[in-house]
Amino acid sequence: MTSPHDQRDPFSDVATVVAARSRLDGSISGYNRHASLAAQFRRSLEMFERSKEIFESTRATVWQTREASDVIRRAAMFERLRVEREAAANHRFGVEIGVREFVHSLRQEGVAPEKVLVAVKGRLAQAITATTPDAPRHDAVALAEDVSRWAISALFDAA
């Protein structure tokens, strides 16, 4: 019996060679497609990793910017508070000077000390109107106490 492949003529069975070559070509083509897809997947993963790193870097920068913005905002708020407290202290000193001048002028006119105190407290009450509202309760009480103390002190200055 002879083998299907005759050793003398390797191409004697052309249909078998054509079928094998076709399977080989299909396998190579399939391998190439899958290798191409695997390479594309690898490039996609590399791009993803780069994008992820850029995203993380951007997110860190955003957080740093937010933190810096918060620091600047707080610093500006504290500066406004400092300026307002300084302005309030200047006005408070102006009130003290005004109280002393008012008391001295009343004493020079011969007004009795008890009437001077009533006049000073009356001025304080009249200075607060709808267009010039009073300070917060704690500050208003502290100012009223200080005005009384400044008026009494000014009475002894004028004597």
* **Separation in nanometres of the label points that stand 7 Å from Cα toward Cβ, at ARG66 and LYS52** => 2.2 nm
* To do: Could you check the simple spin-label distance between ASN32 and ARG73, using points 7 Å along Cα→Cβ, in nm with one decimal?
  => 6.1 nm
* Structure fact -> Two pseudo-spin positions, 7 Å from Cα along C-beta at VAL111 and at ALA88, lie apart in nanometres by 2.9 nm
* **At 1.002 mPa s and 20 °C, Stokes D of segment 14-158 from Kirkwood alpha-carbon radius, µm² per second** => 92 µm²/s
* Rounded, prolate or oblate: pick one for segment 15-64, where a ≥ b ≥ c are the square roots of the eigenvalues of its C-alpha gyration tensor, a/c under 1.5 means rounded, and failing that, prolate if a/b is larger than b/c, else oblate. => prolate
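A short reminder: the numbers here are calculations on the coordinates, not readings from a lab. The model shown is predicted, which means the values in this text are computed figures rather than measured ones. FYI the Cβ positions are ideal-geometry reconstructions off the backbone, even for glycines, and counts take in every protein chain you see.
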